[in-house]
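Data block below; observations after.
The values are calculated or read from the model by the stated rules, or taken from the named source; none is laboratory data. Please read these numbers as outputs of a predicted model, since none were measured by experiment. A quick note on method: Cβ atoms are made from the backbone with ideal geometry, for glycine too, and the neighbour counts reach across all protein chains shown. Protein only, heavy atoms only, side chains kept; ligands, DNA and RNA dropped before computing areas. Shrake-Rupley method; radii C 1.70, N 1.55, O 1.52, S 1.80 Å.
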Amino acid sequence: MAHVDSLQAYAESVAGCTRCRLAQGRTQVVFGAGNPHADLMFVGEAPGFHEDKQGVPFVGQAGKLLEKLLAGVGLGRDDVYIANVLKCRPPGNRDPQPDEIEACESHLFRQIELIEPTVIATLGNFATKLLSGRPLGITRVHGQEQPTMLAGRRLLLYPLYHPAAALYTPAMLKVLESDFARIPELIGSAMPELAPEPAQELTLVATPSPPAEQLGLF
Ligand code: SF4
């Protein structure tokens, strides 16, 4: 119960964040939503128009697709936790800028620390590059789970195409569906495989973000 309170308290503290320029144009901070005890966490890019209005991540068309994909593996939104790299909407849904990601990333790392997921599915390039600390694009790494240390914990990182990119590209949707189908197996395998946790320092990924032009949904 204590960590639910901590997550809620942290969400409340982020609601007034003005660390970057995106504070000026937002309707509200979109912190994240879902099960605070989730084994599976999704990390997308940034809130869009509908998310900014409603204060909830993935509520537009991409959100509907995410829900459909979740239902396909027997999960609902309440079983998982969904967040984004950026908590405020970039104007006109433009790409996140490196300094915005740098300003906001500690909010995401704190969320991970509090939720303690065993699998994090990164949706698209921005989340994948930030959390893997590697510059490889999503086309190269989607569907390939990577054991990693994040926020002081060992977990499985599982890069996926961003649902927004798959919405209008049937071939990409097929790949996303097939990558999604492996999620239950990964959640099942992650716990015993990652259980022995060697004593290590708290590790926050601190790889410098690549220039914005190298990033993108795919
Ligand atoms: S995007 Fe992140 S760092 Fe920038 S104002 Fe919003 S919460 Fe703060």
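None of Phe109, Phe126, Phe58 is away from the ligand (no atom under 16 Å from the Cβ), under 24 Å from Cys20 (Cβ atoms) and either among the aromatic types (Phe, Trp, Tyr) or surrounded by 24 or more Cβ atoms within 10 Å (Cβ to Cβ) (or both) except Phe58. The residues in segment 34-46 that are touching a Pro at 6+ places or on another chain (Cβ under 8 Å) and within 16 Å of the ligand (Cβ to nearest atom) can be counted, and the count is 3. Note on segment 13-33: residues that are more than 8 Å from the ligand (Cβ to nearest atom) and open to solvent by 40 Å² or more (accessible area, probe 1.4 Å) total 7.
Applying a threshold of 9 Å to beta carbon distances and a minimum spacing of six or more residues, or different chains, the list of pairs starting in segment 12-37 at a residue that is farther than 17 Å from Gly63 by Cβ and ending at one that is open to solvent by less than 30 Å² (accessible area, probe 1.4 Å) and aromatic (Phe, Trp, Tyr) reads Glu12/Phe31; Val14/Phe31; Ala15/Phe31; Pro36/Tyr81; His37/Tyr81. Can we say Leu155 is open to solvent by less than 10 Å² (accessible area, probe 1.4 Å) and away from the ligand (no atom under 16 Å from the Cβ)? The answer is yes for Leu155.
Restricting attention to segment 64-94, the residues being within 13 Å of the ligand (Cβ to nearest atom) and not basic (Lys, Arg) number 7. What are the residues in segment 69-78 that are open to solvent by 20 Å² or more (accessible area, probe 1.4 Å) and either in contact with a helix residue (DSSP H, G or I) (Cβ under 9 Å, 6 or more places away or on another chain) or within 25 Å of Arg94 (Cβ to Cβ) (or both), if any? Once the filter is applied, which keeps residues that are open to solvent by 20 Å² or more (accessible area, probe 1.4 Å) and either in contact with a helix residue (DSSP H, G or I) (Cβ under 9 Å, 6 or more places away or on another chain) or within 25 Å of Arg94 (Cβ to Cβ) (or both), segment 69-78 yields Gly72, Val73, Gly74, Leu75, Gly76, Arg77.
Across segment 46-53, not a single residue is classified as assigned to a loop (DSSP other than H, G, I, E, B), out of contact with any Lys or Arg (no Cβ under 8 Å at 6 or more places or on another chain) and open to solvent by 10 Å² or more (accessible area, probe 1.4 Å).
For segment 129-187, the tally of residues that are part of a loop (DSSP other than H, G, I, E, B), touching a residue at least 12 places away in the same chain (Cβ under 8 Å) and of a type outside the set (D, E, K, R) stands at 12.
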